[in-house]
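What follows is one structure encoded as structure tokens, with my remarks underneath.
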Amino acid sequence: MIRTRAVHWRKGVVFALPGLWVAAVLAWELLGPRGTQVIPLLAAAPAIACAGTGRRRCVTLAGVCAVLALVPPPSAGRADTAARLGTCCAVVAVAAAGHCVSGRRRRLLRELERTREIAAAAQQVLLRPLPPRLDGMTLAGGHLSVSEGTLVGGDLYEVLATPYGIRIVIGDVRGHGFSSIGTVAAVLGSFREAAHDEPALPEVLRRLERALQRHLGERGGPERPHSEEFVTVLLLEVRADGVVMALNCGHPWPYRLSGAAAAGGRPRAAAAGRGDPLPPLGLFPLPPELPLARLTRLLPGDALVLHTDGAEDARDAAGAFFPLARTLAEAVRGAPVVPAAVIEHVQDALLRHTGGRLSDDIALLVLRNDSRHAPDRVPRVHLARSGWPRG
């Protein structure tokens, strides 16, 4: 409410500024020392209206006010009348120029608005909004882009329900902004097909690698070597019993948020990953054997927080890194895990920490297990299909 009033007040001042300028010039002429030449300053009124509002009516009205103010008094001499006539010509010229500039400005604003609408629609298709619930999981995702006016940058994520469990991808393309959207589209498009087609998670990763290589081959050339492009990728598979399997190619490991009461000093937020990840996709070929890791097991009420490296690498004015683990612990302290609330808390803390000046795109994804129970055993046929080691 207060912000709305402030906006209306500023708009009113901008609209009134040309008239205030004309009144100030006339007051200066009447009250100032005799012989002071301030009347030519009236020519600035249409320019002030053009810069302030950009509307043709305001420019024309400002010009009319300035011309009317130039009407010479009866006591004016021939020299004063000639000066006023010259100023009148200047006012008309400035008003005409402002009229043309205002028209072009309006056309450019309309074109910009249409371009933004098209870009927003394309970006929504590329980085689709997550469903609030999916096969017993509550989801929430968020994205902060370093490029103003873009919803999608170099970060990507997707969550799909498949016959082999819930499969998740989160990644980070080298670079940010519109230049990386093509690579994001190639990786996400491949994942959306492979996640349903491939029984084993390693084969999904190989499909992503092949899609990325094709994309880089199509856009590459002698002046743009492929070695300069890469994508960090974290693939997860949440099975029916809550077990989370993972393949990591140079991406930050996720955090696990406990849904149980923090009794006995048990922490509510802890890192869920361990071990060295594979190199990012695009730098080196994948090895023949891919290390599918058992990441953790989500009990009912537990959640996973996936993020890109922009979250932990964000710095404040003093150069201190963003305390992501501590912020997550604060977000769930003394309360159940609510994915949307966790996303909002972390994003607000990130913007406060950086002062709103991000140096990299930041993607966040929270998944909470809402199943009533988690079976202790998984059918052996499912283990065989997915390639999970039975040892």
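The values are calculated or read from the model by the stated rules, or taken from the named source; none is laboratory data. Model, not experiment: these values are computed from the prediction. Every residue, glycine among them, receives a Cβ derived from its backbone with ideal geometry; neighbour counts consider all protein chains shown. Protein only, heavy atoms only, side chains kept; ligands, DNA and RNA dropped before computing areas. Shrake-Rupley method; radii C 1.70, N 1.55, O 1.52, S 1.80 Å.
Before moving on, here are some points about what is shown:
- Heavy-atom SASA rank of 127, 41 (probe 1.4 Å, accessible area, largest first): 41, 127
- Electrostatic bookkeeping for residue 342 treats Lys and Arg as +1 and Asp and Glu as -1; over the other residues with beta carbon under 14 Å from its beta carbon, the sum is +1.
- Accessible area per residue in Å² at 1.4 Å probe, computed on the range 230-363: 43
- Phi to ³J(HN,Hα) by Karplus 6.51 cos²θ - 1.76 cosθ + 1.60 over the range 276-281, Hz, x for Gly, Pro: 8, x, 6, x, x, 5
- Each Lys or Arg adds one and each Asp or Glu subtracts one; over the other residues with Cβ under 9 Å from the Cβ of residue 353, this totals +1.
- Taking all protein chains together and a 1.4 Å probe, the residues 253, 28, 21 rank 28, 21, 253 from largest to smallest accessible area.
- Using a probe of 1.4 Å on the protein chains alone, the accessible area found for residue 284 is around 130 Å².
- Close amide H contacts of residue 302 (hydrogens built in the peptide plane, cut-off under 5 Å, sequence separation of 5 or more or a different chain): 259, 369.
- Accessible area per residue was computed with a 1.4 Å probe on protein heavy atoms; residue 92 scores about 80 Å².
- With θ taken as phi - 60° and the Karplus curve 6.51 cos²θ - 1.76 cosθ + 1.60 applied, the whole-hertz 3J(HN,Hα) list for the range 123-128 is 5, 5, 5, 5, 10, 5 Hz, x standing for glycine and proline.
- Subtracting the Cα-Cα distance of residue 23 and residue 133 from 0.36 nm times their residue separation leaves 33.4 nm of extension gain.
- Heavy-atom accessible area ranking, 1.4 Å probe, most first, across 88, 100: 100, 88
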